[in-house]
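In what follows, a structure is listed as structure tokens, so that the remarks can point back to it.
Just so it is clear, none of the values below were taken in a lab; they were calculated from the coordinates. Values in this document were obtained by computation on a predicted structure and should not be read as measured data. Cβ coordinates were reconstructed from backbone atoms using ideal geometry, including for glycine residues, and neighbour counts include every protein chain displayed.
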Amino acid sequence: MTAEMLDFGLGETADMLRDTTTLFTRLHKGADKTAPVIGAGVLSLGVPDLTKMVSTMKVLNASTPAEQLQGMTTFGRFFMGNLWDTYGPKKAS
């Protein structure tokens, strides 16, 4: 089976929280998305779910607290940078 994440071109909307906590999916019976669809759905997280999920994040293979902090910082910058690129003010052309 193959799971497919669908991209609906989000970012045009001002609802960043909804866009970043909703995943539209299809499950295919086969090795890729050309196989028949055997299931589909929408997975969504509420604020309490998101808060709980973030609190369980761990940095793998970090030997020290400093390495753990660096890993979380790297992820945070990556995630927030993508949000800024998508939802931040756009430069005039």
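Quick notes on this one:
- Base-10 log of normalised Debye intensity for segment 15-55 (one unit scatterer per alpha-carbon) at q = 0.15, 0.16, 0.23 Å⁻¹: -0.50, -0.55, -0.75
- Length available on full extension from residue 45 to residue 62: 0.36 nm per residue minus the Cα-Cα distance, which gives 3.3 nm.
- Amide N of segment 20-34 lying under 18 Å from the label point, which is placed 7 angstrom from the Cα of residue 82 along Cα→Cβ: 20-26
- Sorted peptide list for 16-26, 77-87, criterion being average Cβ within 10 angstrom, highest first: 16-26, 77-87
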